[in-house]
Amino acid sequence: MQKMAALVFPGFQTLDYFGPIEMLGGFRDEIEVVTVASTLDPVPSRHGQRIMPDRTLAESSDYKLLFVPGGDSALDAIKDEVLVHWVREVAGKADRVMAVCTGTILLGITGVLDGKCATTNKLDFNDTVHLAPKVEWVKQARWVQDGKFFTSSGVSAGMDMALAAAADLFGRAAAEKMAEECEYIWNDDPNHDPFASLAGLV
């Protein structure tokens, strides 16, 4: 059983979080999802739903997997030095690290993506990537894998990235079965990213 720290912060994007959790949390015998936040107080999403954390940042940094959602408020979260330090420490130890949308910017701020390829939300791309200038940002990609790091474009792209991470962990057949059980059509081509052109990036 691998413990996955699923970070939440006030204003996290709902689908950024719950979409990948639906995919990865479905591997109940292999992954234990642990919701982590700064405190144990309920954390509101961008849309107002509140989630109860299981642990605080101070309780542990020893996780095999790390998942970081995005949302506009991720750009506020990068100002929290304690949170940024925790992400850096956990990412350094984890076997797989996953981030969605502007959560990739948060991950990039820590320095763990320096020199690595990554992507992020296309509509916010030009306004955010300068915050982590040492990352090799990919303008056109649904998601990017570079070693143990999996990063995705905006919102719904996180589900495709999560399935790619599941395929890496448990095999492609297991990922395909999970997508089928969710009645989800997996975009399994990381380079199929029409939103990059719609955003004027390519």
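The values are calculated or read from the model by the stated rules, or taken from the named source; none is laboratory data. If you're wondering where the values come from, they're calculated on a predicted model, not measured in any experiment. A quick note on method: Cβ atoms are made from the backbone with ideal geometry, for glycine too, and the neighbour counts reach across all protein chains shown.
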What number of residues within the stretch 1-25 are in a loop (DSSP other than H, G, I, E, B) and crowded, with 21+ Cβ neighbours inside 10 Å?
-> 3
In this structure, is Val33 closer than 28 Å to Phe170 by Cα and free of Cβ contacts under 8 Å to residues at least 40 places away in the same chain?
-> yes
State which residue pairs qualify: first residue hydroxyl-bearing (Ser, Thr, Tyr) and inside the stretch 1-26, second residue not in a helix (DSSP H, G or I) in any location, beta carbons under 6 Å apart, and separation of 6 or more residues or different chains.
-> Thr14/Ser45; Thr14/His47; Tyr17/Pro69
Scan of the stretch 47-65 for residues that are outside any loop (DSSP other than H, G, I, E, B) and surrounded by 14 or more Cβ atoms within 10 Å (Cβ to Cβ), ordered by number | Ile51, Arg55, Thr56, Leu65
Kindly check whether there is at least one residue in the stretch 47-70 that is β-branched (Val, Ile, Thr), at negative phi and touching a Gly at 6+ places or on another chain (Cβ under 6 Å).
-> yes
With respect to Pro44, determine if the residue is modelled with pLDDT of 95 or more and either part of a helix (DSSP H, G or I) or surrounded by fewer than 17 Cβ atoms within 10 Å (Cβ to Cβ) (or both).
-> yes
For the stretch 80-103, state whether one or more residues are assigned to a strand (DSSP E or B), free of Cβ contacts under 8 Å to residues at least 40 places away in the same chain and surrounded by fewer than 24 Cβ atoms within 10 Å (Cβ to Cβ).
-> no
Could you check Ala132 against (1) under 26 Å from Gln2 (Cα atoms); (2) crowded, with 18+ Cβ neighbours inside 10 Å and say which number it fails?
-> (1)
Some residue of the stretch 110-123 being crowded, with 22+ Cβ neighbours inside 10 Å, assigned to a helix (DSSP H, G or I) and not hydrophobic (A, V, I, L, M, F, W, C) = no
Sole exception among (1) part of a loop (DSSP other than H, G, I, E, B); (2) modelled with pLDDT of 95 or more for Arg28, by number = (2)
Filter result for Gly70 (under 23 Å from Ile105 (Cβ atoms), of a type outside the set (A, V, I, L, M) and assigned to a helix (DSSP H, G or I)) = no
Counted residues in the stretch 43-62 being within 25 Å of Ser156 (Cβ to Cβ), touching a strand residue (DSSP E or B) at 6+ places or on another chain (Cβ under 6 Å) and not aliphatic (A, V, I, L, M) come to 4
